[in-house]
Amino acid sequence: MRFGVIVFPGSNCEMDCHYVIEKVLGQEVRYVWHQESDLRGLDCLVLPGGFSYGDYLRCGAIARFSPVMEAVRDFAARGGLVIGICNGFQILLEAGLLPGAMLRNNSLSFVCRFVHLRVENRDTPWTGKAERGQVLRIPIAHGEGNYTAGEGLLDEMERRGQIILRYCGPAGEVTPEANPNGSARNIAGICNEGFNVFGLMPHPERASEEILGSTDGLFIWESALAAAGV
Amino acid sequence: MSEADQRRFSIFVSPLRGVLDPQGQAALGALHSLGYDEVEDVRIGKYIVLTVRGGSEERVREMCEKLLANPIIEDYRIESESG
Amino acid sequence: MSEADQRRFSIFVSPLRGVLDPQGQAALGALHSLGYDEVEDVRIGKYIVLTVRGGSEERVREMCEKLLANPIIEDYRIESESG
Amino acid sequence: MAELYEELGLTTEEYHRIIKILGREPNRVELGMYSLMWSEHCSYKSSKRVLKMLPTRSPAVIQGPGENAGVVDIGGGWAVVFKMESHNHPSAVEPYQGAATGIGGIVRDIFTMGARPIACLDPLRFGDPSNPRTRYLVKGVVAGIAGYGNCLGIPTVAGDLYFHPCYEGNPLVNVMCVGLMRTSELIRGVASGEGNAVILIGNRTGRDGIGGASILASQEFDETSASKRPSVQVGDPFTEKLLIEACLELRSRRLLVGLQDLGAAGLSCACSETASRGNVGMRIHVDRVPLREADMEPFEIMISESQERMLAVAEPEKVEEVQEVCRRWGLTATVIGEVVEGNRLEGFWRGEKVFDLPADSLASQGPVYQREAARPSWQDEVRRLDWDSLDHPGDYNRVLEELVSGPNLCSRRYVWEQYDHMVQLNTVVYPGSDAAVLRIKETGRAIALSCDGNGRYVYLDPYRGTQIAVAECARNIAASGGLPMAMTDCLNFGNPEKPEIFWQFTEAVRGMADAARYLEVPVVSGNVSFYNETSGEAVHPTPIVGMVGLIGTIGKRRTIAFPEPGLNIVLLGETYEDMGGSEYLFALHGLTAGEPPRLDLALEKRVQTACIEGIRRDLILSAHDCSEGGVAVALLECCLAGGLGARIRADTSLEPLVWLFSESQSRFVVTVPDEALGMMESLAKKKDIPYTVIGRTGGDRLIINDWIDVELERMRRVRESALERLLA
Ligand SMILES: Nc1ncnc2c1ncn2[C@@H]1O[C@H](COP(=O)(O)OP(=O)(O)O)[C@@H](O)[C@H]1O
Ligand SMILES: [Mg+2]
């Protein structure tokens, strides 16, 4: 499977994603510069974490106008797999490829730590390897992960199964205490209606090796590989 | 073009009514703890000043729609001032 | 007290002249790359709306000095509006 | 000129020296450049002689002090680059931006050398947290470090945080950065090659920090500082991130002759240092410098401290390529001058020559002073401690709880969770242990990083206190399985023109030198910060040590966490009545008094080697050094980190309070499985170090004789929530 990791000015997790895809998953991967527009030959696009354009103005607001984003839109429209991690998720929101918006964490502080996530829908290209209700342990690292959307939209998303991951306690209990940023309904990750575009605040690439404390991120990567028939 | 073509636009971006405003809430709490109990609400948004040469308010509105505000969570208002 | 005692204050906080405004610079760059070449400068600050019951502008000024603005790098202006 | 030079902080003698160098009166631009470059901050005029005592070499040292950062070989063709710096005064004025630009500055020092920054550390000192101003400073500083460091994608993996009223008006914000590079990719801050282009890359130049170097860093800090506010610099981490990537690309494509960051004294410093190191001259066209404010004068442009700028030297035919790389990264790269024969640094402004001086007269031939040193009259007084006259509590559970819920020993989670400590996927021991451990993906090895410096000990005895700082830092590295390789430091002191401050400084450096030499950890870089005073009161003399150790095989890293039940808990080293300067005295009696702990460097070294060897041979499964709070606090930390209790039987003739909370040096709490106990014991014998089996891991309580019996879950809650509560 061929991955493309998009590099925006200010991205800072592109090398981490590249490393995991190449060295841990053993897949082909190349960087895609934000001014490129030719995505031929790629099976999955990764929008990595970081601070594109310094996160100035609003997270992801400037990056979404990068030339590559037009190509990403076409790629997604044709059903291609797109995963936005952290800042990548914020960019997908700003670009309208995923519904909703991001606010500052209710603590107003950046927070970096391992959290627990409950898999809410395993019927997606991103979660097929997990059990429904399975609890994953993956780190977050962000200052603006407080996901918001109108109640009506949230209900719709629930109904369609677009809510993929929720913050929870170690036993899977979805409680306010388990919510690290105040996000609506403890949402940590969502899909578009076609399920080929996935945005999540946690960093699966930081939980893909035993030595880093967890391999639960592999569920996500390996699900994508399986979905692509690898 | 001359200096006279320069215009200033002030743009006031505020969190939409009904949307959570964590920063405003934190400021409200801090003001109360400083003894400013008369404050009932705080909303924090952005104050953007554009210096434009020969542009129109229409164009500034476009900039807001496209980039400067996010309509899902924010409202904006433009004021122009010739300079 | 009645509704009539409620007042609204708008506070406009902007980066001091001469102080770097990376946010404004980034927005300027983005506007140019979107083709809005007429924009010559962007400064980004904060737009704060306080709802106050029975307070004075004097007190609001105090709040700005103490908490809402950072006088070392920011300037502010208060506008009051009875409501 | 007379008024002007004084206002700029030059002495009459220094002014005459300038006249002698130039053979004429300096003009305003030149005077400004000299005043900054000859300031304490840039010239080290008070400290230079004393610093000569420090050992700086070892077979692994590739670059010692003198460059932007030290470079140490870690094998396999790779090297680490590191340095520590202070941003105390800017942070006292504006904590967020002060700390943020501190990170920006130290990170530039690292990638200037051609290394990718892979970690930051942040030793911090503040006044009493019950003071609202202190809380404001702590929160602002931590947010600033987070705001800048996180954006760069450099993990902040360790640091420390202590509170003492002496830092009330003058907090210490030290920052350290560590970089990684191939040994073959080292770039030096050198200009050479007549005709080569001098290129300024990055942000435009504004009026930021004009007067910053001399006024903010070289004078005492007092009430009037508020009026110096316009010189506050605002950080732009996004541009810095682009600079990192662009400079590393320029390095990899071998497009540069030299590279130098712009820090204190801005262009004056960068141009004169690179020219002086390269024994060349340089011609600068000041009017070509891109400005943020059009009406700036040459004087302002030459000393502006606008952040996120780099000075590169490249061969003329490579200039276009350099500019192309920068453009791709969204940066401007402007040719502002050229390297010339000779040694003159000349500046032109709209066709007119505005300065003309010998480059080394700015960079390396500044004045050097032998300041007067005198032992303070109060030194003996503070060393006295009447232990028996104190009202010592008999409830040791309570003492333990007070210590670990107090500002100095409670969990720092609240701080490090605001830092991205995981980005780059190298952090294999997270904050909360003795040292952070980073894997080197390319070699299968790892490095351990730690920083330390107990200002109370140094205040009570600058010589021994500083030895302890070095020893403790090395001990943290050893506890993680690392072999200490080299260190950096930041020496935070008061006004060196006062003989008692200079005595503290001299004694401290002597202590550092002796310990570094004995423990074989050369000092490869560092920073001196004087004038840390408020209204004439100096902070405690606070030398901070930052150290890098090497772990030969990634699997041989250890944390403080008790790993499993049923292990023997062994105390390496000996406990004495070392209560002077202790956290117990400070937290429970409000005292900073007595003799600081004794230190026998020979024993220290033997204990550390025993620990490292025990880990290498897998005899030791976890290790934690005993520092502030003594063995009781160390044991509790091991329990909490592993979520596992312990039962301890202390067989001692010491008073319980002393055994529990004495801060005797050269001790580790380690765990050893039954089957390895014999070998561990003979290792200890061979190394001739005290060795005591004191208990076993297991359960969910920490029990020590009938002195202490606490439930871990409760202690965890108390210890972890304390800092946020204290700062609320
Ligand atoms: N300011 C800080 N930033 C990041 N980590 C910190 C900070 N202060 C303390 N820590 C981390 O907390 C842990 C305990 O620190 P400390 O008690 O100073 O260790 P020690 O006494 O072993 O030197 C270490 O992992 C340290 O790196
Ligand atoms: Mg330690």
#### Entry: Sole exception among (1) at pLDDT 95 or above; (2) assigned to a helix (DSSP H, G or I) for D:E300, by number
(1)
### Query
How many residues, within segment C:31-63, are closer than 22 Å to B:P22 by Cα and of a type in the set (S, T, N, Q)?
1
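If you check D:Y419 against the conditions, is it surrounded by 24 or more Cβ atoms within 10 Å (Cβ to Cβ), more than 12 Å from ligand 2 (Cβ to nearest atom) and either within 14 Å of another protein chain (Cβ to nearest Cβ) or among the hydrophobic types (A, V, I, L, M, F, W, C) (or both)?
Details: surrounded by 24 or more Cβ atoms within 10 Å (Cβ to Cβ): yes; more than 12 Å from ligand 2 (Cβ to nearest atom): yes; either within 14 Å of another protein chain (Cβ to nearest Cβ) or among the hydrophobic types (A, V, I, L, M, F, W, C) (or both): yes.
It is true that D:Y419 is surrounded by 24 or more Cβ atoms within 10 Å (Cβ to Cβ), more than 12 Å from ligand 2 (Cβ to nearest atom) and either within 14 Å of another protein chain (Cβ to nearest Cβ) or among the hydrophobic types (A, V, I, L, M, F, W, C) (or both).
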### Message
Cβ contacts < 7 Å: first residue farther than 30 Å from A:N12 by Cβ, restricted to segment D:118-147; second residue part of a helix (DSSP H, G or I) and of a type in the set (S, T, N, Q), any location; separation 6+ or different chain. Result?
### Response
D:G127/D:T134; D:D128/D:T134
## Note on the structure
Residue hits (segment D:261-297; buried (at least 24 other Cβ atoms within 10 Å of the Cβ), assigned to a loop (DSSP other than H, G, I, E, B) and not aliphatic (A, V, I, L, M)) are D:G263
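Yes or no, residue by residue, for (1) within 22 Å of D:R475 (Cα to Cα); (2) in the same structural domain as D:L712 (by TED's automatic domain parsing); (3) assigned to a helix (DSSP H, G or I); (4) hydrophobic (A, V, I, L, M, F, W, C):
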{"position": "D:H624", "(1), (2), (3), (4)": "yes, yes, no, no"}
{"position": "D:A641", "(1), (2), (3), (4)": "yes, yes, yes, yes"}
{"position": "D:S653", "(1), (2), (3), (4)": "no, yes, no, no"}
{"position": "D:S666", "(1), (2), (3), (4)": "yes, yes, no, no"}
{"position": "D:M679", "(1), (2), (3), (4)": "yes, yes, yes, yes"}
{"position": "D:L683", "(1), (2), (3), (4)": "yes, yes, yes, yes"}
### Summary
Those residues of segment D:677-706 which are buried (at least 20 other Cβ atoms within 10 Å of the Cβ), within 13 Å of D:L621 (Cα to Cα) and not β-branched (V, I, T) amount to D:M680
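Quick one: which helices (runs of 4 or more DSSP H) lie wholly within segment D:335-417 and hold at least 3 residues that are over 19 Å from D:M579 (Cβ atoms) and away from ligand 1 (no atom under 16 Å from the Cβ)? Show your work before the answer.
Details: elements: D:359-363, D:379-383, D:396-404, D:413-416.
Passing ranges, in order: D:359-363.
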### Query
Considering only residues of segment D:558-568 that are away from ligand 1 (no atom under 16 Å from the Cβ) and surrounded by fewer than 22 Cβ atoms within 10 Å (Cβ to Cβ), which is nearest to D:A641 (Cα to Cα)?
D:P563
### Query
For segment D:108-152, how many residues are within 15 Å of ligand 1 (Cβ to nearest atom) and hydroxyl-bearing (S, T, Y)?
2
### Query
Restricting the search to segment D:151-189, which residues are over 20 Å from D:G98 (Cα atoms) and of a type in the set (S, T, N, Q)?
D:T183, D:S184
### Query
Among the numbered criteria (1) under 21 Å from D:H164 (Cβ atoms); (2) surrounded by 15 or more Cβ atoms within 10 Å (Cβ to Cβ); (3) out of contact with any Lys or Arg (no Cβ under 6 Å at 6 or more places or on another chain), which single criterion is violated by D:C410?
(3)
### Query
Is at least one residue of segment D:394-412 within 29 Å of the chain's Cα centre (by Cα) and within 14 Å of chain A (Cβ to nearest Cβ)?
yes
### Query
For segment D:131-151, how many residues are within 19 Å of the chain's Cα centre (by Cα) and either within 16 Å of ligand 2 (Cβ to nearest atom) or hydrophobic (A, V, I, L, M, F, W, C) (or both)?
7
#### Entry: When residues of segment D:153-180 are limited to those that are surrounded by fewer than 23 Cβ atoms within 10 Å (Cβ to Cβ) and within 11 Å of ligand 1 (Cβ to nearest atom), the one nearest to the other protein chains (Cβ to nearest Cβ)
D:L161
### Task
Check segment D:626-639 and report whether any residue there is within 14 Å of chain A (Cβ to nearest Cβ), assigned to a helix (DSSP H, G or I) and within 16 Å of ligand 1 (Cβ to nearest atom).
no
### Task
Working carefully through the options A:L42, A:L98, find the one that is in a loop (DSSP other than H, G, I, E, B), away from chain D (no Cβ under 14 Å) and farther than 21 Å from A:A149 by Cβ.
A:L42
## Note on the structure
Of the conditions (1) closer than 20 Å to D:D128 by Cβ; (2) assigned by TED's automatic domain parsing to the domain that holds D:A623; (3) not aliphatic (A, V, I, L, M), the single one that D:H540 does not satisfy is (2)
### Query
Which one is surrounded by the fewest Cβ atoms within 10 Å (Cβ to Cβ), of the residues in segment D:476-495 that are under 17 Å from the mean Cα position of the chain (by Cα) and within 12 Å of ligand 1 (Cβ to nearest atom)?
D:N476
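Just to confirm my filter: which strands (runs of 3 or more DSSP E) fall fully inside chain C and include at least 1 residues that are more than 9 Å from chain B (Cβ to nearest Cβ) and either in contact (Cβ under 8 Å) with a residue 24 or more places away in the chain or surrounded by fewer than 16 Cβ atoms within 10 Å (Cβ to Cβ) (or both)?
On the way: elements: C:6-15, C:39-53, C:74-82.
Result: C:6-15, C:74-82.
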### Task
Please work out which one of (1) of a type outside the set (S, T, N, Q); (2) surrounded by fewer than 22 Cβ atoms within 10 Å (Cβ to Cβ); (3) within 14 Å of the chain's Cα centre (by Cα) is the condition A:R160 fails and give its number.
(3)
### Summary
Expected single match for more than 14 Å from chain A (Cβ to nearest Cβ), of a type in the set (V, I, T) and either within 16 Å of ligand 2 (Cβ to nearest atom) or surrounded by fewer than 24 Cβ atoms within 10 Å (Cβ to Cβ) (or both) among D:T466, D:T443 is D:T443
### Query
D:A436 is checked against (1) more than 30 Å from A:S208 (Cα to Cα); (2) among the aliphatic types (A, V, I, L, M); (3) within 16 Å of ligand 2 (Cβ to nearest atom) and fails just one. What number does that condition carry?
(1)
### Query
In segment D:310-329, how many are exposed (fewer than 15 other Cβ atoms within 10 Å of the Cβ) and of a type outside the set (D, E, K, R)?
1
### Task
Quickly run through segment D:460-475 and pick out the residues that are within 12 Å of ligand 1 (Cβ to nearest atom) and in contact with a Leu (Cβ under 9 Å, 6 or more places away or on another chain).
D:I468, D:A471, D:A474
### Extreme residue, farthest from the other protein chains (Cβ to nearest Cβ), among residues of segment A:108-141 that are of a type in the set (K, R) and farther than 17 Å from A:E210 by Cα
A:R132
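The values are calculated or read from the model by the stated rules, or taken from the named source; none is laboratory data. From a predicted model like this one, the values you see are computed outputs, not experimental measurements. Every residue, glycine as well, gets a Cβ built from its backbone with ideal geometry; the counts of neighbours run over all protein chains shown.
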